[in-house]
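One structure is given here, and the rest of the page talks about it.
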Amino acid sequence: MSEHTTIGVDLAKNTIVVARLSKSGKLSHTKELSRAKFRQYLSTQSISLVAFEACATAHYWSRVTRSFGHHTKILPALAMAPFRQGHKTDRNDALAVAEASNRPNIKEAPIKSIDQQALQAIQRSRGLLVTERTTLSNHIRGILLEFGFALRKGFHSLHAHLPDILEDGDNELPDAYRHTLALLHERLLLRREDIQQMDHQITSQIKQNDPWENKWVRVTFGIV
């Protein structure tokens, strides 16, 4: 028997399905709710254990759930399969989450604070810009090679030589392409500035989160 009623939640972008178990483990009800209705539902329930399968919005809804005084868990998706009954449906998934949440030895995911999620979002956005910068760099190198300019690997070489290539009107770079290359160079410089700004943001956020006491920050950013 559980100390609290248990609510298993199957999250989706617009529709959320809940399965509520009594303290004795008996299914009380399942409901399909909109996001607004789910928030209202949480506000009307007695203090419960509310469990989510790990997904993109689980941390957000866990924080909302806690604001109403409930206990929360986020469980790994792979742990749900043994508890699912019948076909994979939203209702069966919600019930599986509820069943699994009261089982011992299922390791739950730590719930991220809003500051931790902000830090993670900055890191992901930085990764996107790094990929864009690398793609742009490779594109510029490939184009320049077609016109006889073979530059060494690395961003330093590219940044060092591009201004000279653009300014030398007597080289073999076609004037028809010179303006386009200047635009790409400007974009490359902007990407570098954006990434540097994000590096400063990440450093500042890590300091504010006290990484030496915050295991999630240490593991995520490789602080040892």
message: Assuming 0.36 nm per residue, please report the length gained on full extension of the stretch PHE155 to LEU190 beyond their Cα-Cα distance.
response: 11.3 nm
- prompt: Just going by the charge dipole of the stretch 69-180, with Lys and Arg at +1 and Asp and Glu at -1 on Cβ, which of SER157, ASN92, LEU128 is farthest out on the positive end?
  reply: ASN92
field: Scaled radius of gyration (Cα, divided by 2.2 N^0.38 Å) that the stretch 1-158 gives
entry: 1.50
Within the chain: Cβ-based charge dipole about Cα centre, in debye rounded to nearest 20 (Lys, Arg +1; Asp, Glu -1): 1560
- request: Assign one of three labels to the stretch 1-78, namely rounded, prolate or oblate, based on the Cα gyration tensor with a ≥ b ≥ c the square roots of its eigenvalues; rounded applies when a/c is under 1.5, prolate when it is not and a/b is larger than b/c, and oblate otherwise.
  value: rounded
- request: State the percentage of accessible surface on the stretch 1-150 attributable to carbon and sulfur atoms; use a 1.4 Å probe and exclude ligands, DNA and RNA.
  value: 54
- line: Expressed in square angstrom to the nearest 10, the accessible area of ILE114 with a 1.4 Å probe stands at 110
- line: Rounded to the nearest 10 Å², the accessible area of SER46 using a 1.4 Å probe with every protein chain kept is 70
query: Pairing the Cα long axis of helix 175-208 with the longest principal axis of the chain, what angle in degrees results, from 0 to 90 and rounded to the nearest 10?
result: 40
field: Under 16 Å from LYS207, Cα to Cα: aspartates and glutamates that are on another chain or at least 8 residues apart
entry: ASP115, ASP199
- prompt: Sorted by accessible area with a 1.4 angstrom probe, largest first, how do TYR177, TYR60, TYR41 fall?
  reply: TYR60, TYR177, TYR41
Computed lengthening from THR89 to SER24, 0.36 nm per intervening residue step minus Cα-Cα distance: 21.0 nm
query: How would VAL130, VAL18 line up by accessible area, probe 1.4 Å, largest first?
result: VAL130, VAL18
statement: For the stretch 1-116, the dipole about the Cα centre with charges only on Cβ (Lys and Arg +1, Asp and Glu -1), to the nearest 20 debye, works out at 160
- prompt: Accessible area per residue, 1.4 Å probe, Å², for the stretch 44-96: what's the number?
  reply: 49
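The values are calculated or read from the model by the stated rules, or taken from the named source; none is laboratory data. All of these numbers come straight from a predicted model, not from anything done at the bench. Cβ: placed from backbone, ideal geometry, glycine included. Neighbour counts: every protein chain shown. Just so you know, the surface numbers come from the protein's heavy atoms only, side chains and all, with ligands and any DNA or RNA stripped out. Shrake-Rupley method; radii C 1.70, N 1.55, O 1.52, S 1.80 Å.
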